[in-house]
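Below is one structure, written out as structure tokens; the observations come after it.
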There are 2 protein chains.
Amino acid sequence: MAETISDVGEHPMIRRLTAGLAAHPQVVLGPGDDGAVLRFKGDVVVSTDTMVEDVHFKRAWSSAHDIGRKAVASAVADLEAMGARPVGIVIALNVSATETTQWIDGLQQGVLCECERAGCALVGGDLSRSQQAVITGTVLGDLEGRAPVRRAGALPGQSIAYCGNLGMAEAGLAVLRRGFSSPAAVVRAHRFPDPPYRQGIVAAEAGATAMIDISDGLVADLRHVAQASGVRLELDTARFSANEHQQRVAAALGGIDPAQFILAGGDDHALVATFAADRVPDGWQVIGEVSEGEACVLVDGAEWAPTGGWDHFSDSR
Amino acid sequence: MAETISDVGEHPMIRRLTAGLAAHPQVVLGPGDDGAVLRFKGDVVVSTDTMVEDVHFKRAWSSAHDIGRKAVASAVADLEAMGARPVGIVIALNVSATETTQWIDGLQQGVLCECERAGCALVGGDLSRSQQAVITGTVLGDLEGRAPVRRAGALPGQSIAYCGNLGMAEAGLAVLRRGFSSPAAVVRAHRFPDPPYRQGIVAAEAGATAMIDISDGLVADLRHVAQASGVRLELDTARFSANEHQQRVAAALGGIDPAQFILAGGDDHALVATFAADRVPDGWQVIGEVSEGEACVLVDGAEWAPTGGWDHFSDSR
């Protein structure tokens, strides 16, 4: 019989999860007291993000390690999108009483792996019982004297540019739903995102006036920017093309347009920002322009909605 | 048919929940962007706390408003116990797709009611789907230049004192489990705690060297202080007595010792701290002393464990 959380007990499991955590220069006091203590140089950005079993992930498709990585990455991406440097994260974990300690340990290893990549520290958490696994990550980031880069702030004449992946996780989900497990690159992208860490600060320092991370889909998330900024965002599909993996998946799905993955796919947590045309940082790709007009997103000059054989708003998102 | 969250949709519900939130002098940017922005005077304390339906609360016993108040109060009490001033809270809410908007609105009203009492602002959240209702509150507090008051720090010769309620929620739970709904004072205490807001700062400024909030029970939580501090904590039951409500409940439960509610009952989130004997603040009651010796908690000179007919570690805690 596998060892379960009930065999070990709540407090011993918490001690096991918090033993030997890495130090961080801005963490004054880590886990083990009523709260952790962090030291910031500037204003503090906070964001919270929940992942629910069978809603945001499936155990059949993702290992505990994958899920731990995804919980951290998707939460931290929100800090990046404000131009903040991630400092600390707290994780509230709800699991059933029969959850194996192996799964929880795997999740924790994934959390710590992604914390190291993101540059932040796990500083606390909570552990309790529930029917489904529910993982809530709350991250704190440091603006270090910078102003936050908001959704409101896009200006006519600016370039729209992105950094990171677009439409990879969505292609992976489409593959997994059909019972396949390749191309590996897209399946991996579904399991955990690869946000462009530290590029949010790069964008802020380059003078980005609006920024967002892509969690619901490029067009859907840019609508928030268009509305908050009161501008028209015009995407030019000649500026980006589906990669070979996305093309393979689109062909396997009966020849849908692979651009749909890029325009409608979420969960990759790319950053998209608006810059003066001559100040787009290296590593960011221009995909369109900001113009005056009614707040909306146009793709090649027209309103856009996904078409074809796959359902973007299905249960397993 | 009652309106459900599925009828309204996620984004409209979020807009409804975040409309017209109160301003707070330390909140630079509230909900609606990728993250909220807060401004602190000193180091930042963070703590996260989850409440799960049928584990931490039952709908039959608690209204949505009660549950919202409890989520905020139990999270903020952790900040108080560090000597911090609560500033902001983010709430991740998971509910079923058939949850009524009336219940969610009630929860939100309870959250806002308790935020006002605690002096903090709701600055963000997340809303997603799950089988059970799961509410995770993460609070951020400001040490304003003070050092955090940790569990480690109790010194031999100090007085142990508390502020707030002890054993009221546990008496309420005992009553509800037996199908009764009075005494009202204890039932209400189960539904949401009444932490002694701002007394954590009072204790810190009076020179408290160790502090904790009572969530698992006085003796159980003081064991954490004893172990972290390496001291013996000696409680003197002559220093406190069960109130009339607790005496009534104890009698109705077949004559158990009402002191058990005080010694073992959690969820009231009283603050307990150690002070130099001549520096105990007004409103704090001395209940024992710190002495040298093996780290442990003694009650009237002896080790103590609950006895009698009620189960402290049952399902509905």
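Quick note: the coordinates plus some simple rules give every number you see, no bench work behind them. As the structure is a prediction and not an experimental result, all values here were calculated from the model. Counting neighbours? That spans all protein chains shown, and the Cβs are built from the backbone with ideal geometry, glycine included.
Below are the figures for this structure:
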read-out: Rg ratio (alpha-carbon, reference 2.2 N^0.38 Å) - region A:5-142; value: 1.00
read-out: Local net charge near B:Ser182, Cβ-Cβ under 15 Å (Lys/Arg +1, Asp/Glu -1); value: +4
read-out: FRET efficiency for B:Phe180 and B:Arg15, using Cβ-Cβ distance with R0 set to 30 Å, rounded to 0.05; value: 0.15
read-out: Local net charge near B:Arg239, Cβ-Cβ under 15 Å (Lys/Arg +1, Asp/Glu -1); value: -4
read-out: Reachable lysines from A:Lys70, criterion Cα separation under 26 angstrom, eight or more residues apart if same chain; value: A:Lys58
read-out: Cα centroid separation - region A:108-176 against region B:250-289, whole Å; value: 43 Å
read-out: Rh by Kirkwood over Cα pairs, then Stokes-Einstein D for region A:159-299 at 1.567 mPa s and 4 °C, µm²/s; value: 85 µm²/s
read-out: Convex hull of Cα atoms in chain A, direction-averaged projection (nm²); value: 16.5 nm²
read-out: Calculated FRET value between B:Asp282 and B:Asp257, using beta carbons and R₀ = 35 Å, to 0.05; value: 0.70
read-out: Pairs of alpha carbons in the protein assembly as shown whose separation is greater than 50 Å (percent); value: 14 percent
read-out: Cα-derived Rg over Rh, computed across region A:1-80 with Rh taken as Kirkwood radius; value: 1.01
read-out: Other-copy label distances relative to B:Glu303, 7 angstrom Cα-Cβ extension, nm; value: 7.4
read-out: Residue order, fewest to most surrounding Cβ atoms within 10 angstrom, among B:Phe240, B:Phe180, A:Phe275, B:Phe261; value: B:Phe180, B:Phe240, A:Phe275, B:Phe261
read-out: Nm distances between copies for B:Gly283, ranked from closest, using label points 7 Å along Cα→Cβ; value: 5.0
read-out: Exposure proxy ranking, count of Cβ atoms within 10 Å, fewest first, for B:Arg198, B:Arg69, A:Arg248; value: B:Arg198, A:Arg248, B:Arg69
read-out: Ascending count of other beta-carbon atoms within 10 Å, so fewest first, for A:Glu144, A:Glu205; value: A:Glu205, A:Glu144
read-out: Set of lysines with alpha-carbon distance to A:Lys41 below 27 Å, sequence-local pairs under 8 removed; value: B:Lys41
